[in-house]
Amino acid sequence: FEGRSVCIIGQERGEGINERVRHNFGMVKSHGYRKCIRVMKLADKFNIPILTFIDSPGADASPDSENTGIFESIASCIECCMEMRVPIISTVLGSGGSGGALAISSGNKILMMSNSIYSVISPEGAASILFRDSTKAASAARAMKLTANEALKMGLVDEIINEDIVAHRNKERAVSSIRIALIKHLEEFKSFTREEIFEQRKEKFLNIGKRKVFKVF
């Protein structure tokens, strides 16, 4: 990327129903997150920055994934992100949903496309738990403040990448905007030592929510 070695990890949802079924609608299984861990550790060993791209409604919730330890693999993936001594730049492209997104978005910098969402659970899931009624997803979505603007206000993300037109309507412009943002943030960490990169990420997450009180309902 721009003449520099980088490690790229991404979730793919696919276009059209056949591709989406083949890619499991972007819902990663246990072995997928374990593969992410292996790749990140290699990147850290060879001092290669990590770029992650998030587009998932959540991790795979099938009985097979439960039996193969999806919860442990997500937790281990988050732990691995936090331990890296190389910069991680995470970009939420569309849906940043639940642990499926959090597993690979514990980065030094988190970027969001302006029409994307980022939340610990889907609106439908939240409505089912909080209201016992999944039809109240719209009310749950408003309360969850899952838009890019809300996430930036709360300090959950570092930058919003403006789409102008929705990204999938003008892919070239979207790619160009992401490229510019990634170059900027990678340059920021060029002068950092490995320990400084680790400390910056640690402090970023320890400071989320400090001195802020959010009214949810």
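Classify region 1-117 from the C-alpha gyration tensor, please: rounded if a/c falls under 1.5, else prolate or oblate depending on whether a/b exceeds b/c. Oblate. Mind checking which of Gln11, Ala143, Ala75 is farthest towards the positive end of the chain's charge dipole, using Cβ charges of +1 (Lys, Arg) and -1 (Asp, Glu) about the Cα centre? Looking along the dipole axis, the top candidate is Ala143. In terms of overall dimensions, the C-alpha atoms belonging to the chain reach 50, 38, 37 Å along their principal axes, ordered largest to smallest. Dividing the radius of gyration of the alpha carbons in region 118-216 by their Kirkwood radius gives 1.06 for Rg/Rh. For region 121-217, the solvent-accessible area with a 1.4 angstrom probe is 66 square angstrom per residue.
Each peptide among 68-75, 158-165 gets the average number of other Cβ atoms lying within 10 Å of its residues, and from highest to lowest they stand as 68-75, 158-165. About its Cα centre, region 113-217 has a charge dipole of approximately 340 debye under the convention of +1 per Lys or Arg Cβ and -1 per Asp or Glu Cβ, with nothing else charged. Database remark: amide H of Cys7 closer than 5 angstrom to the amide H of Ile50, Leu51 (H placed geometrically; neighbours at sequence offset of 5 or more, or on other chains; Pro and chain starts carry no H).
For region 1-36, trypsin sites (Lys or Arg not before Pro) meeting the loop criterion (DSSP other than H, G, I, E, B) and having at most 13 other Cβ atoms within 10 Å: Arg4. Evaluated with a Cβ-only charge set (Lys, Arg +1; Asp, Glu -1), the chain carries a dipole of roughly 320 debye about its Cα centre, given to the nearest 20. With an a/c value of 1.5 or above and a/b not larger than b/c for the gyration tensor axes a ≥ b ≥ c computed over the alpha-carbon atoms, region 44-106 is described as oblate. Here's the list of aspartates and glutamates a cross-link from Lys184 could span, going by alpha-carbon distance under 16 Å and ignoring same-chain residues fewer than 8 apart: Glu2, Asp158, Glu159. Restriction of the GluC sites (Glu not before Pro) in region 6-50 to DSSP coil positions whose beta-carbon has at most 10 other beta-carbons within 10 angstrom yields Glu15.
Taking loop as defined by DSSP and a crowding limit of 11 other beta carbons within 10 Å, which trypsin sites (Lys or Arg not before Pro) in region 110-217 fit?
Sites meeting the loop and neighbour criteria: Arg132, Lys190, Lys210, Arg211, Lys212, Lys215.
The values are calculated or read from the model by the stated rules, or taken from the named source; none is laboratory data. Remember, it's a predicted structure, so these values are computed and weren't measured experimentally. As a convention, Cβ positions derive from the backbone with ideal geometry for all residues, glycine included, and neighbour counts pool all protein chains shown. For the accessible areas, the whole protein counts, side chains as well, though only heavy atoms, and no ligand, DNA or RNA atoms are used. Shrake-Rupley method; radii C 1.70, N 1.55, O 1.52, S 1.80 Å.
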